Amino acid sequence: MKLLKNLALVFLTCVMTTSLFAQSDIKSYTFKKGEILDILLLTTKSGTEKDFNKYKKTIFPFGIKKTYKPLPGFGIKKTTQGNIQPASFILGKWDDLKNREEFLAQIEGVVPDFHLQRRNIWSLFNLTYYEMPKNTSFEIDRNKYNVVTSYWKKETTSFKKFKELWLQKAKENGGKKILQLTNGKSPLGYYHNPDILVITQWDSKEEFDVFYKENLKMNHKGVLHINQFVLN
């Protein structure tokens, strides 16, 4: 009986330990209506550690004063469609649109070399921010195959049909929609403002590849541009 109890305890400990490790690969995000989600596509220049330390000391404090909070981000494994190849997919949060836009309007008065610092550190810095229209929660599981797809429209009616078919085909081929964003804003100098951004999750690369081949055969008449990345 004692042996059975000890075995049960070992089993329970293993299950709990495995669960904890599994949970560490799942990144959870929660936003209240009106809060702001930043999405940044970045490529960092090599040898810029000293510049980034200065950036953290001079620019971060004003961002935090304006309610900025960093969130778990991701590396980018590869670009599957589009003309840019960022290395990082970075997320952030602000309490509201007022604070987000006051930061953009006021930062040069606080840190005059703000844009120069960014140019010194990053060879690519694209920013889109979204005001949450409702309470929103989502999770990104690093153990899955996560894909970020951004589309720009050329013509409204054709694009609407394309978008609906794209979402339908993704679902039919095993893709799970994690997050869909529209109505973003993007500042001068860091402009990257797609008409729709979707994060989809797949059980495997092979599953995504089946959808990917179908996606490329679709009628893109209403599409102006696309960027698509696989997250690490």
Number of the condition not met by Thr67 [criteria: (1) farther than 28 Å from Arg142 by Cβ; (2) in contact with a helix residue (DSSP H, G or I) (Cβ under 6 Å, 6 or more places away or on another chain)] = (1)
ask   = Does Asp51 qualify as being surrounded by 13 or more Cβ atoms within 10 Å (Cβ to Cβ), in contact (Cβ under 8 Å) with a residue 40 or more places away in the chain and either β-branched (Val, Ile, Thr) or within 30 Å of Thr200 (Cβ to Cβ) (or both)?
value = no
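Out of the helices (runs of 4 or more DSSP H) lying entirely within segment 1-87, which hold 3 or more residues that are on the phi < 0 side of the Ramachandran plot and at pLDDT 95 or above?
Qualifying helices (runs of 4 or more DSSP H): 49-58, 60-65.
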Count of segment 223-232 residues which are of a type in the set (Phe, Trp, Tyr) and open to solvent by 70 Å² or more (accessible area, probe 1.4 Å) = 0
request  = Keeping to segment 178-207, report how many residues are farther than 20 Å from Asn146 by Cβ and of a type in the set (Ser, Thr, Tyr).
outcome  = 3
key: Positions within segment 201-225 being under 26 Å from Asn143 (Cβ atoms), touching a Phe, Trp or Tyr at 6+ places or on another chain (Cβ under 8 Å) and of a type outside the set (Lys, Arg), in sequence order   = Gln201, Trp202, Asp203, Ser204, Glu207, Phe208, Phe211, Asn215
ask   = Going through segment 116-133 one residue at a time, which ones are touching a Phe, Trp or Tyr at 6+ places or on another chain (Cβ under 9 Å), open to solvent by 30 Å² or more (accessible area, probe 1.4 Å) and in contact (Cβ under 8 Å) with a residue 24 or more places away in the chain?
value = Asn120
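The values are calculated or read from the model by the stated rules, or taken from the named source; none is laboratory data. Everything quoted here is computed from the prediction, not taken from an experiment. Heads up, the Cβs are rebuilt from the backbone with ideal geometry, glycines too, and the neighbour counts pull from every protein chain shown. We work out accessible area using only protein heavy atoms, side chains counted, and drop any ligands, DNA or RNA first. Shrake-Rupley method; radii C 1.70, N 1.55, O 1.52, S 1.80 Å.
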